[in-house]
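The values are calculated or read from the model by the stated rules, or taken from the named source; none is laboratory data. These numbers come from a predicted model, not from an experiment. Every residue, glycine as well, gets a Cβ built from its backbone with ideal geometry; the counts of neighbours run over all protein chains shown. Protein only, heavy atoms only, side chains kept; ligands, DNA and RNA dropped before computing areas. Shrake-Rupley method; radii C 1.70, N 1.55, O 1.52, S 1.80 Å.
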Amino acid sequence: MARKAHFVGSLGLETAAAAMSSVAEILGPCCTRIPDGETGERGYWVRWQISTFEKCDDLELEIVRETVEGYKDKLERPLFAIKAGVDPAKLDLGELGYADEAIESYATFAALKASGTINADVRFQVSIPTPLALILSFVSPASQLALEPAIVQATKRDLKKIQGAIPAGQLAIQFDVCMEVLGYEGAVKLPFEDGLNQSVRRVGELGDEIDARAEFGIHLCYGDPGHKHVVEPKDLATSVAFANGITDATSRLVNFMHMPVPKERSDEAYFEPLKNLALAPETNLVLGLVHHTGGVDDSQTRIAAAEKFVSEFDIATECGFGRRDPATIPALLQIHRDLCD
């Protein structure tokens with residue numbers, strides 16, 4: 001089986017056209033999905049969602065969270081609470097904006113496909129954070145569970161709008177499962193007990209919202225501030241537990257499952273939990289073992305270690321690379337191509 005390259009989301013170039021055409025031109029037949037690169041303010045993942053909470057009249061600013069280090073600039077994130085007297089069941093956050101961004105970028109994708117720049121069998125990929133990412137990033141702990149239904153409904157509205165405008169046969173929707181993983185690893189505090197089962201149930205229910213003709217995928221993530229994980233995975237056991245749990249929790253096929261591999265980990269012990277992986281035969285496993293540092297040779301060493309436990313998998317970076325030096329991106333894309341070839 002020929003390996004394919006998968007792209008998590010952000011691609012670090014200025015425009016969607018530049019991002020998608022660069023992937024298509026360098027990777028050619030080696031990728032089957034292309035995201036729009038999460039350009040502009042989306043390059044900082046959920047940071048741009050601050051405005052969603054600021055414009056909601058039923059919320060109030062409670063505190064500005066301590067500065068987070070690791071990004072190119074310091075990041076302060078406000079935490080919002082539900083105003084006294086507001087019924088959470090009636091709270092409406094409106095649209096999150098992921099649908100509008102996707103629809104606009106799809107027009108560019110369709111034009112690139114019509115011109116032959118993008119191959120005919122490539123899907124347009126939309127990467128969306130789970131509601132828990134917004135809950136833990138922007139909501140005061142006391143309001144988190146009360147506000148969760150409104151965030152879930154806003155996410156579902158975006159999913160419906162995306163699928164109403166983009167043909168299902170052209171579409172792949174990926175959920176970024178990050179805060180759930182970090183919570184299970186003890187790096188952040190989740191608003192519920194039984195972090196694994198409660199998390200995979202929520203993700204599975206979102207998967208049920210996706211048309212069976214579209215692709216549905218998962219990016220399991222340990223964060224990427226300053227190109228470092230928030231907490232380093234000891235091995236792939238947590239990723240395998242989430243992968244198996246999400247597979248069981250959704251009524252539809254998970255088409256691809258992405259797991260991160262740190263650049264230092266080419267030892268068999270890191271990959272050994274893959275022995276317990278129980279994906280559907282049709283699900284593509286994607287290992288995020290491609291790193292700019294060490295290039296093709298080091299990536300091949302990680303591939304060889306993984307192959308001791310799984311024979312078929314696609315490749316990716318461990319997270320999006322939208323925050324890296326743009327000058328390194330062509331070389332990073334070429335590493336993907338060389339590994340696929």
Of E101, E232, E41, ordered by accessible area with the largest first and a 1.4 Å probe, the sequence is E41, E232, E101
Residues meeting the amide H criterion for L79 (H placed from the backbone, H to H distance under 5 Å, 5 or more places apart or on another chain) are E62, I63, V64, R65
Toy charge model, Lys and Arg Cβ at +1, Asp and Glu Cβ at -1: the chain dipole around Cα centroid in debye, rounded to 20, equals 300 debye
Among A165, L96, Q198, the residue whose Cα sits farthest towards the positive end of the charge dipole of segment 61-200 (+1 at Cβ of Lys and Arg, -1 at Cβ of Asp and Glu, taken about the Cα centre) is A165
With every protein chain in place, the accessible area of L285 for a 1.4 Å probe, in Å² rounded to the nearest 10, comes to 10 Å²
Computed about the Cα centre, the charge dipole of segment 124-269 from +1 Lys/Arg and -1 Asp/Glu charges at the Cβ has a magnitude in debye, to the nearest 20, of 460 debye
Segment 103-260 accessible area per residue, 1.4 Å probe, protein heavy atoms, integer Å², reads 36 Å²
Reported to the nearest 10 Å², C340 has, with a 1.4 Å probe, an accessible area equal to 20 Å²
Along the dipole axis of segment 1-43 (charges at Cβ: +1 for Lys and Arg, -1 for Asp and Glu; origin at the Cα centre), the most positive-end residue among L27, A2, T39 is A2
The chain, Gaussian network, Cα under 10 Å: of D100, D57, D248, the residue fluctuating most is D57
For segment 313-321, in residue order, the Karplus 3J(HN,Hα) values (coefficients 6.51, -1.76, 1.60; θ = phi - 60°; whole Hz; Gly and Pro = x) are 6, 9, 10, 6, 7, 7, 8, x, 10
Under 5 Å from the placed amide H of V126, counting only residues 5+ away or on other chains, we find A172, I173, Q174
If one builds a Gaussian network model of the chain from Cα atoms under 10 Å apart, the most fluctuating residue listed among F175, F256, F192 is F192
Surpassing 30 Å at the alpha-carbon level, of the pairs K83/K228; K4/K275; K83/K156; K156/K275; K160/K308, are K83/K228; K156/K275; K160/K308
Per-residue ellipticity at 222 nm attributable to helices in the chain (runs of n ≥ 4 DSSP H, -39500 (n - 2.57) apiece, nearest 500 deg cm²/dmol) works out to -11000 deg cm²/dmol
Phi-derived 3J(HN,Hα) across segment 93-108 with the Karplus relation (6.51, -1.76, 1.60, θ = phi - 60°), rounded Hz, x for Gly and Pro, is 8, x, 9, 7, x, 5, 5, 4, 5, 5, 5, 5, 5, 4, 4, 5
Excluding ligands, DNA and RNA, the carbon-plus-sulfur percentage of the accessible area of the chain with a 1.4 Å probe reads 49 percent
Within the chain, the cysteines whose Cβ lies no closer than 4.7 Å to any other cysteine Cβ are C31, C56, C319
Phi-derived 3J(HN,Hα) across segment 144-155 with the Karplus relation (6.51, -1.76, 1.60, θ = phi - 60°), rounded Hz, x for Gly and Pro, is 4, 5, 5, 8, 3, x, 5, 5, 4, 5, 5, 5
The chain: relative contact order from alpha carbon pairs under 8 Å, six or more residues apart, as a whole percent, is 21 percent
Put E60, E193, E180, E215 in order of accessible area, largest first, probe 1.4 Å, and you get E193, E60, E215, E180
Relative contact order of segment 87-158 (C-alpha contacts under 8 Å, at least 6 apart) in percent is 54 percent
With +1 on the Cβ of every Lys and Arg and -1 on the Cβ of every Asp and Glu, the dipole magnitude of segment 186-274 about its Cα centre, in debye rounded to the nearest 20, is 180 debye
Relative contact order in percent for segment 196-341 (Cα pairs under 8 Å, 6+ apart) equals 23 percent
Once all protein chains are kept in place, R123 shows an accessible area at probe 1.4 Å, nearest 10 Å², of 50 Å²
Residues whose modelled amide H sits under 5 Å from the amide H of T32, counting only those 5 or more places away in sequence or on another chain, are A5
